[in-house]
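Single-structure report; data block below.
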Amino acid sequence: EKDNQSYIVDAQYDENEGSEQGYGVVNGYYFVDLGLPSGTKWATVNVGGDASEDYGGYFAWGETKSKSKFGTNSLTNGKDLDNISGKSRYDAARSNWGNPWRIPTKAEFQELKEYCIWEWTSLRGKKGYKITGSNGNYIFLPACGWCGPSAVKSTKKIASTSRTNTIP
């Protein structure tokens, strides 16, 4: 039986550091408890990644397959898609990792901003944010860049929320 906790996927923690308390596995993918008021758990890797610092796949908003070029050829181009969290047809985490994984909502990102400490740093040579919760557990969001019509662009920015996933 699945619990009613939320788990988010795009965030990571360093497997070689930190406490084992507050970590778990759902469908073969690890999550970490950051001590957030909602109880939401965040994934330790990006969808398509194998380690905390991996960028993972690049997904167009509302698409479930990773791609390297983006533009008007997007399957969801011109569609009005707002909250796609947990909807298998549009949610990359749910589609790739199964239920109960899903991308996070805007409110869940806001909670992460409000209740965690964000530190710009490097992990195994990749720049990004180490996000530490009140319990000392953390995730790492690598600066994976963004994609345009021809290719992946600068890796000096954090991607939009479309790269993250959660579990209801």
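The values are calculated or read from the model by the stated rules, or taken from the named source; none is laboratory data. None of the values given here were measured: they were computed from a predicted structure. Here the Cβ positions follow ideal geometry from the backbone for every residue, glycine too, while neighbour counts run over all protein chains shown. To get the accessible areas, we keep the full protein, side chains included, count just its heavy atoms, and leave off ligands, DNA and RNA. Shrake-Rupley method; radii C 1.70, N 1.55, O 1.52, S 1.80 Å.
So, by mean Cβ neighbours within 10 angstrom, what's the order for 25-32, 56-63 with the highest one leading?
The densest-packed peptide leads the list: 56-63, 25-32.
Can you give me the distance in nm between label points at Arg89 and Arg124, each placed 7 Å from the Cα along the Cα-to-Cβ direction?
Those two pseudo-labels are separated by 3.7 nm.
Amide H of Tyr30: which non-local residues (sequence gap of 5 or more, or other chain) have their own amide H closer than 5 Å, using H built in the peptide plane?
Residues meeting the amide H criterion: Thr44.
Going by average Cβ density within 10 Å per residue, which order do the peptides 41-50, 107-116 take, highest to lowest?
41-50, 107-116
Give me, ordered by chain and number, the residues 5 or more places off Asp91 or on other chains with an amide H under 5 Å from its own placed amide H.
none
Which order do Arg102, Arg89, Arg124 take by accessible area at a 1.4 Å probe, largest first?
Arg89, Arg124, Arg102
Rounded to whole Hz and in sequence order, give me ³J(HN,Hα) for the range 114-120 from the Karplus expression 6.51 cos²θ - 1.76 cosθ + 1.60, θ = phi - 60°, writing x for Gly and Pro.
The phi angles translate into 6, 10, 10, 9, 9, 10, 6 Hz.
Can you list residues from other chains, or at least 5 along the same chain, whose modelled amide H is less than 5 Å from the amide H of Ser52?
Glu15
Apply 1/(1 + (r/R0)^6) to the Cβ-Cβ distance of Ser38 and Thr76, taking R0 = 25 Å, and write down the FRET efficiency to the nearest 0.05.
0.35
Can you give the accessible area of Leu36, probe radius 1.4 Å, in Å² rounded to 10?
10 Å²
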